[in-house]
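The structure under discussion appears below in the form of structure tokens.
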2 protein chains.
Amino acid sequence: MATAERLLLLLLLLAASVAWETNAHTPTVIRRQQQDGEAVAPPPLIHPLRPRLGSGGQLAARAGGVACDSWRLGVEAHNVIGWRTVPAECEGYVGHYMLGGAYRRDSAVVVDEAVAYAESIRVAGDGKAIWVFDIDETSLSNLPYYAKHGFGATPYNDTSFREYVAEGSAPALPETRRLYRRLLELGVKPVFLTGRTEDQRAITVANLRRQGYTGWEKLLLKPAAHVAGGLQLSAVAYKSGERQKLQDAGFVIVGNIGDQWSDILGAPEGARTFKLPDPMYYIG
Amino acid sequence: MATAERLLLLLLLLAASVAWETNAHTPTVIRRQQQDGEAVAPPPLIHPLRPRLGSGGQLAARAGGVACDSWRLGVEAHNVIGWRTVPAECEGYVGHYMLGGAYRRDSAVVVDEAVAYAESIRVAGDGKAIWVFDIDETSLSNLPYYAKHGFGATPYNDTSFREYVAEGSAPALPETRRLYRRLLELGVKPVFLTGRTEDQRAITVANLRRQGYTGWEKLLLKPAAHVAGGLQLSAVAYKSGERQKLQDAGFVIVGNIGDQWSDILGAPEGARTFKLPDPMYYIG
């Protein structure tokens, strides 16, 4: 084969590869934004995307003995619970999932459902209709942190994560912010309910405001005393207890959204619940 | 380029493509079977697999305005509810998912979790520990029917589906049968709880036995009167009511597995619940 021909062939293969990536992913975003009546522009990035070339871009690939796509589905459908770290073989898979576009598409479908539901209900004009929002990996994204810490494949480090939170630099998850703003228009008041602790209130408020979240009804953080028991302890009990207090105070929880099943399990859950994707960590 | 060289190149590309398919899928099954101590043999098929070549094999592909992979995740995580048919654009996607290996891999992860959980609990020797099994798309697979009926993209046809059930030819979902048999070994008694009706009891018993299910504690079918209200009506209420009766009778529901959220939602759910994949239909 002549050198020129080999070069041409390589270029053709590269072009085909790029065309496949483009075909599989770019139209998604453009079509969604057209539907929303927004300008056709690149989607808001919450972290620089990784190029999806090579085997790392193959979301269905398996590594070692773990079918990473099946593992992720198991996590999202609440079958795989109580795990401490992403399987080591799946670090690359989870990284590509989080940064390659699939995470954002999956989040968009959840929020589309939530918005359609919110628009379908009658909101009483008494100002008592609320929607509960989790913060981390729901309203704000800690991808800039997790991208540097193995996407959940290394054990949770409370010290370094709290340092990151203290920067107040977490970007919004744009899909959740879209839901938040639509709810305000519909007269449903947002309530943040988070595993973050009271000592993190000021920076959390600043971070939320900086990212375009305003006008919330309440921001409920854990008493710092809870820290002693560990953040991973009894999230279901803590959060459902707080929702019970809201209900006892006369609020009607029309919706509840979080990235962990512990955000949305445990009565009173809210009239409808939404589970955003999160294959990076588990809080039980 | 010489003809021989072109031919060689084509062969190389083909080989690479086949290698990719093999790499992505075949080792899964072999490794699993080795772990189980079974013979290394092709996995039991519940329906002939489709070849996963060409764009139809690309599970992440989107069709029309729907991101089919995100839609499926939304279904499995109980975000997308109340849908009547698979989006028309996703018929091909769902067909490839169900027949291309991913469905079986995803089911295997769910059952692996269920088996690990069952092996971790102490089963009281009083014979009161039970595990609730749904039937359709859980213990038995109706893939042979749905493969001929658009994989859920065409509206549910009660007449033709009941004709199919009356054949008693539905294959087992091999993963669920593996769980079923392990539970019997562990002293946990299986109880079938199904939306099938009493008039289907004889053929259901025959079909289950033919597929290797024996030794169950109970087979609970709906009274035929429920048919008037439609099979899709209040599955949560019906099934949780039956589970309550089991509990009132002294049984301890240590586990509960189904392909629909309506199989596993509603107190008493059971000590732990497992959601098998099913992107073909929704029962609320």
Task: Interchain or long-range residues, amide H under 5 Å from B:LEU193's placed H - done: B:PHE133, B:ASP134, B:ILE135, B:LEU220
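Tally Lys and Arg at +1 and Asp and Glu at -1 over the other residues with C-beta under 14 Å from the C-beta of B:GLN200: what net charge comes out?
-2
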- [ ] Please give the FRET efficiency for B:GLU89 paired with B:ARG181, using the beta carbon to beta carbon distance and R0 = 51 Å, rounded to the nearest 0.05.
- [x] 0.85
- [ ] Under 12 Å Cα to Cα from B:LYS128, which aspartates and glutamates show up? Leave out anything in the same chain fewer than 8 places away.
- [x] B:GLU217, B:ASP248
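Could you please rank A:THR85, B:THR214, placing first whichever residue has the fewest other Cβ atoms within 10 Å of its Cβ?
Working: A:THR85 17, B:THR214 11.
By the 10 Å Cβ count, ascending: B:THR214, A:THR85.
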Task: Full-extension gain in nm, A:GLN244 to A:ARG201, via 0.36 nm per residue minus C-alpha separation - done: 13.3 nm
TODO: Return the subset of B:LYS189/B:LYS245; B:LYS189/B:LYS222; A:LYS275/B:LYS218 for which the Cα-Cα distance in this structure is over 27 Å, preserving the input order.
DONE: A:LYS275/B:LYS218
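With a ≥ b ≥ c the root eigenvalues of the C-alpha gyration tensor of region A:54-275, is it rounded (a/c under 1.5), prolate (a/b larger than b/c) or oblate? Write out the running numbers ahead of the final one.
Working: a/c = 1.72, a/b = 1.44, b/c = 1.20.
Prolate.
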Task: For A:VAL80, distant residues with modelled amide H under 5 Å away - done: A:VAL75
TODO: Please list, in chain and number order, the residues 5+ apart from A:ALA129 or on another chain whose amide H is under 5 Å from its amide H, with Hs placed from the backbone.
DONE: A:LYS189, A:VAL252
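Could you tell me whether region A:128-255 comes out rounded, prolate or oblate from its Cα gyration tensor? Rule is a ≥ b ≥ c as square roots of the eigenvalues, rounded for a/c under 1.5, then prolate if a/b exceeds b/c, otherwise oblate. Spell out each step's value before the answer.
Numbers: a/c = 2.00, a/b = 1.31, b/c = 1.53.
Judged from the Cα gyration tensor, region A:128-255 comes out oblate (a/c at least 1.5, b/c at or above a/b).
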Task: Share, in percent, of DSSP beta bridges within region B:126-264 that are antiparallel, nearest 5 - done: 5 percent
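Classify region A:63-116 from the C-alpha gyration tensor, please: rounded if a/c falls under 1.5, else prolate or oblate depending on whether a/b exceeds b/c. Walk me through the intermediate numbers first.
Details: a/c = 2.81, a/b = 1.61, b/c = 1.74.
Oblate shape, in that a/c is at least 1.5 and b/c is the bigger or equal ratio.
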- [ ] Per residue of region B:275-280, in order, report the coupling 6.51 cos²θ - 1.76 cosθ + 1.60 (Karplus, θ = phi - 60°) as ³J(HN,Hα) in whole Hz, putting x for Gly and Pro.
- [x] 10, 6, x, 7, x, 9
Task: A:LEU246, B:LEU193, B:LEU265 arranged by Cβ crowding within 10 Å, fewest neighbours leading - done: B:LEU265, A:LEU246, B:LEU193
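Read-outs: derived from the displayed coordinates by stated rules, not from any lab. Model, not experiment: these values are computed from the prediction. Cβ coordinates were reconstructed from backbone atoms using ideal geometry, including for glycine residues, and neighbour counts include every protein chain displayed.
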